Amino acid sequence: SMVRVDFEPGGLNPPHLHPRASELALVAQGTFYSGFVTTDGRLFARTLEPGDIMVFPRGLVHFQVHIGPGRGILFGSLNSQNPGTQVIPTSLFDSSPSILDQVLLKAFLLTPHQLQSIKAGFTTLKNQFLKRRKTSIIHNLNLNLHLRAFMLCAKFGSFYLSPKTLVELVYHYVHVSL
């Protein structure tokens, strides 16, 4: 499956993971700081420019933030039709039912006031998102980006694409659609 992500300046794709897929991110426009953290806590990160690619191994926490001016565009390719996504901040601070405050306070060395401020922020964002969703606009104000997802196989048929062909196809799509 594939995803196109459009970022405003400063837009963030927060730390998240895909439990059933590795991801390849291709920068089509803009400058990004992007990285992932290994299971032993080692960060692999770098600045990506148009044409650069970064691979995120399955199950590892990764992120992207647009650090350039103007609009930024990333294409992500995942090696699964059902990669799953777990956004780390949301999973920890906005789960249902909630994780016991005692766990979060100790794990993140927070005061009770700090924890309640974080949780309140998620409630505000959720309300803003639901309000906008009712008007058919899927746009998360906190992340300052919007997603336009599509399945490559639905557009071009189901067949195997080599990595080189995939990159050429994505670049063609970017230049034709912009």
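The values are calculated or read from the model by the stated rules, or taken from the named source; none is laboratory data. Bear in mind the structure is a predicted one, so any value in this text is a computation, not a measurement. Using ideal geometry, Cβ is built from the backbone for each residue, glycine included, and neighbour counts are taken over all protein chains shown. Quick note on the areas: whole protein, heavy atoms, side chains included, nothing else; ligands and nucleic acids left out. Shrake-Rupley method; radii C 1.70, N 1.55, O 1.52, S 1.80 Å.
Side notes on the structure shown:
- Exclusive hit being more than 30 Å from Leu115 (Cβ to Cβ), assigned to a loop (DSSP other than H, G, I, E, B) and in contact with a His (Cβ under 6 Å, 6 or more places away or on another chain), set Pro83, Pro50: Pro83
- Each residue in the range 66-99 was checked for being in contact with a Gly (Cβ under 7 Å, 6 or more places away or on another chain) and β-branched (Val, Ile, Thr), and 1 of them qualify.
- Filter result for Ala25 (closer than 20 Å to Gln81 by Cβ and not in a strand (DSSP E or B)): no
- The residues on offer are Phe36, Phe44, and the sole one that is in a strand (DSSP E or B) and over 23 Å from Ser1 (Cβ atoms) is Phe44.
- Any chance Gln64 is open to solvent by less than 40 Å² (accessible area, probe 1.4 Å) and modelled with pLDDT of 95 or more: yes
- Pick from the range 91-110, criterion part of a helix (DSSP H, G or I) and open to solvent by 100 Å² or more (accessible area, probe 1.4 Å), ranking: nearest to Val61 (Cα to Cα): Lys106
- Qualifying positions in the range 32-47 - surrounded by 18 or more Cβ atoms within 10 Å (Cβ to Cβ) and either farther than 24 Å from Asn82 by Cα or not hydrophobic (A, V, I, L, M, F, W, C) (or both): Phe32, Ser34, Gly35
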